[in-house]
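Working notes, structure below.
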Amino acid sequence: MTALLTVLLACYLLGGLLPLCTTRLYLQNVFAHGCAAAAGVAGLVLGVAGLLSTAPLTLSLASNIPQLTFALRLDPLAAFFVLTISLVGLAASVYAYGYVEEFSGRVSVGLLGSLLNGFLLSMTLVVLADNGFFFLILWEVMSLLSYVLVVTEHEKPGVREAGLFYLIMTHVGTAFIILTFLIFFQETDSFSFEAFRHPDQQLPEGLRSVAFFTALIGFGAKAGIVPLHVWLPYAHPAAPSHISALMSGVMIKTAIYGLIRVYFDFMGGVFPWWWGFALLVLGTVSALLGVMYALMEHDLKSLLAFHSVENIGIILLGIGAGMIFHTYGLHELAALGLLAGLYHTINHAAFKALLFLGAGALQFATHTRHIEEYGGLLRRMPWTGAFFLVGAVSIAALPPTNGFVSEWLVFQSLFLSFQLPTLFLKLMLPIAAAMLALTGALALACFAKAFGISFLAQPRSTQARHAKEVPRSMLAGMGFLAGLCVVLGLAPMLVVPLLDRVTAPLTGAAISSQVLALDGWVVAPVTVEFSSISTPVLAMLLVGAGALGLLMARLCGKGLRARYYKTWGCGLNLTPRMEYTATGFAQPIKQVFETIYQPTVKLEQEFLEQSKYFIKHQRFESHIEPVFEKYLYQPVVALMLATADRLRIIQAGSLHLYLTYIFVTLVLLLLWAG
């Protein structure tokens, strides 16, 4: 494993340096994305080896800086996230080989490729770090590199603002992570994660609760938990699409890694029930509001960004349920909830990265992200359409894809609440399951809109009419992730035992033999009689039903002659203006949830001078209220600006006054120290 880790680090370092050593565009492209892909392959093997290993791999190098040790540790939890990062990194690197043609002449391809390698390396090292000081340095490097990648096209309106918004939010989160580690440092006098795991004495109950909240806010800001999610719909669309895939697919998952590491590892899985309940509530709200706001979006990448909020909520539902069960000593159910959350983590990484790459392919071909300007693209881009459909079916949790399996496991962990001793939690977990069911229905509607409006019917713009299929490397990246979505859905018998190696040390219970039945062909959380599902059998039934339908149509229609004619449109020629729009598709849902959306509708009409009954011009405008920005963030920003304006009085421009400030501060510090 040491050799694999060395190869991984070497490939990323070469991928970061070599593109900067040449001016030839072709060589920059090959060096950057070839090295990143090679590192991705090494990361895949390293992740699997780490999951199968009986003992963690540890490496350490001391430094001259106090409390800083360059320590790495590959345990099952870190190995799982290395595997997830490498899977998406490999696909994004292959995809980027053709995609960066879009930036040729406008952006340095060598610099973009170098930053890609640095970003992937920083994420990998974040989950391997075994020292709090080292972790924070890597976390900051990851955040800064992602910021620079977000503002790649800084000349475009709104991109710099999106980058600044992301930078502020990520540093707010970093501040709370620092507070979390300082709480552990106060008790252990060390930033070593090993000291955090095995302190001489446990944290006092009050400090443990403070650490719970600081970790939740710090990592939650990066994950996009509501209401800390507001940066996602700005930053993800602004970044190049392969970077959006990495940010949404794996970067926000480093926050999930951080939460699990702090709660289950550093705190030893000892926590009160309300910690898990807090995660359950936040997960439910994030899932429901994320998909509701996604439905109203017509920018395809913004729509996908809001769905990241939704899926982070689903992951938190599994983790929250696992924490609740763990509190009451139900270790096997705790392992099930945590396993379901981790299963959805890798599933979301696969299908969300696929969808972002698909959105990038559409933008590559049409030079727009607006769904209303697409249409008819399935004929012009059949492979992209097929891969995007796989991602859409997966994120909508339809069988037999991967999203279905993990969401079904989350449902089962919530329904098993009847084993809890308190009536309140027995009721709350099924309510969360009901909200998850509503989330799934809305997600299905959202991607029926996204796929149908984008790929079906007639082209709505000149760009869509002249669109062509994207280069093969882009198709290869999407095809790899589409295949991964299918494999993760059809082969839970391969995935669950690997995940069990992650959850067993954290919860104290190995459950793969109980979750899998009939040699792995059936997934059954408790017993086959309680509930069970077999995605391979479901797939065979779906294929068999489709084949049977085609066979019957062929047998019964032997004497019939096919005749092709244009679609009937009430005697009129069909035009794109007659098609269903994304706005019209979402209108009924907007009306149902009007209280949450708070829509604003504006209609302006100009009539002919000859008659007030005939309209000359009409302008319709409708938008929904950004509730969190209006009622939470804007008041905070206004208060900070007002406070700063009042404090300007201390900046008088006098050197003597500034020296007085320094003198008074020094005296106060000496008095405090004395």
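Bear in mind these aren't lab numbers, they're just calculated from the coordinates by the rules spelled out. Only a predicted model underlies this, so the values are computations on that prediction, with no experimental measurement involved. Don't worry about glycine lacking a Cβ; one is built from the backbone with ideal geometry, like all the others, and counts go over all protein chains shown.
Quick notes on this one:
- Cross-link reach list, lysines versus Lys468, counting only Cα pairs under 27 Å and skipping chain neighbours closer than eight places: Lys156, Lys301, Lys352, Lys449, Lys566
- Stokes-Einstein D in µm²/s, Kirkwood radius over Cα pairs - segment 157-266 at 10 °C with 1.306 mPa s viscosity: 106
- Summary value for segment 592-654: 27 percent relative contact order, contacts being C-alpha pairs under 8 angstrom separated by 6+ residues.
- Temperature 37 °C, viscosity 0.692 mPa s: under these conditions the Stokes-Einstein estimate for segment 260-362, based on its Kirkwood radius over C-alpha pairs, is 228 µm² per second.
- From its DSSP helices (H runs of at least four residues, each -39,500 (n - 2.57)), the chain gives a residue-normalised ellipticity at 222 nm of -22000 deg cm²/dmol.
- The chain - percent relative contact order, Cα under 8 Å, separation 6 or more: 11
- Between Glu194 and Thr575, residue separation times 0.36 nm minus the direct Cα-Cα distance comes to 130.5 nm.
- Using the Cβ-Cβ distance between His171 and Ser104 with R0 set to 22 Å, the FRET efficiency works out to roughly 0.10.
- Arranged from fewest to most other beta-carbon atoms within 10 Å of their beta carbon, Ile346, Ile85, Ile649, Ile217 become Ile649, Ile217, Ile346, Ile85.
- Fully extended contour minus Cα-Cα distance, from Ala55 to Lys630, at 0.36 nm per residue: 202.0 nm
- Cross-link partners of Lys616 among lysines (Cα-Cα below 30 Å; sequence separation of 8 or more within a chain): Lys590, Lys602
- 3J(HN,Hα) along segment 32-39: 5, 8, x, 5, 5, 5, 4, 5 Hz, from the Karplus curve 6.51 cos²θ - 1.76 cosθ + 1.60 with θ = phi - 60°, whole Hz, x for Gly and Pro.
- Of interest is the spacing of the C-alpha centroids, which for segment 158-219 and segment 415-461 amounts to 31 Å.
- Per-peptide average of other Cβ atoms within 10 Å, ordering 436-445, 50-59 highest first: 436-445, 50-59
- Cα pair count fraction exceeding 17 Å, expressed as % - segment 191-235: 51
- Cα shape, segment 20-102, gyration tensor, a/c 1.5 rule: oblate
- Segment 237-299: C-alpha gyration tensor shape, a/c 1.5 cut-off, then a/b vs b/c: oblate
- Relative contact order of segment 57-106, pairs being alpha-carbon contacts under 8 Å that are 6 or more residues apart, as %: 23
- Extreme residue, positive dipole direction of segment 358-460, given options Gly440, Pro421, Gln363 (C-beta unit charges): Gln363
- For Thr174, Thr284, Thr124, Thr152, order by how many other beta-carbon atoms lie within 10 Å, fewest first: Thr174, Thr152, Thr284, Thr124
- For the pair His466 and Thr368, the difference between a 0.36 nm per residue extended length and the Cα-Cα distance amounts to 34.0 nm.
- In this structure the amide hydrogen of Ala71, modeled in the peptide plane, comes within under 5 Å of the amide hydrogens of Leu61, Asp130, Asn131, none closer than 5 places in sequence on its chain.
- Computed from backbone phi with θ = phi - 60° and the Karplus coefficients 6.51, -1.76 and 1.60, the 3J(HN,Hα) list for segment 200-214 is 5, 9, 5, 4, x, 4, x, 5, 4, 5, 4, 5, 4, 6, 5 Hz; x is used for glycine and proline.
- 3J(HN,Hα) from dihedral phi, segment 62-79, Karplus parametrisation 6.51/-1.76/1.60, rounded to Hz, x for glycine, proline: 6, 10, 7, 7, x, 6, 9, 10, 7, 10, 10, 9, 9, 9, x, 5, 5, 4
- Rounded to whole Å, sorted largest first: equivalent-ellipsoid semi-axes of segment 340-474, Cα gyration tensor: 37, 14, 10
- For Leu516, residues with placed amide H under 5 Å, excluding near neighbours: Ala524
- Each residue in Ser532, Ser611, Ser308, Ser413 was given a count of other beta-carbon atoms within 10 angstrom of its own, and listing them fewest first yields Ser611, Ser532, Ser308, Ser413.
- R0 of 41 Å, Cβ-Cβ distance Gln587-Thr2: FRET efficiency to nearest 0.05: 0.10
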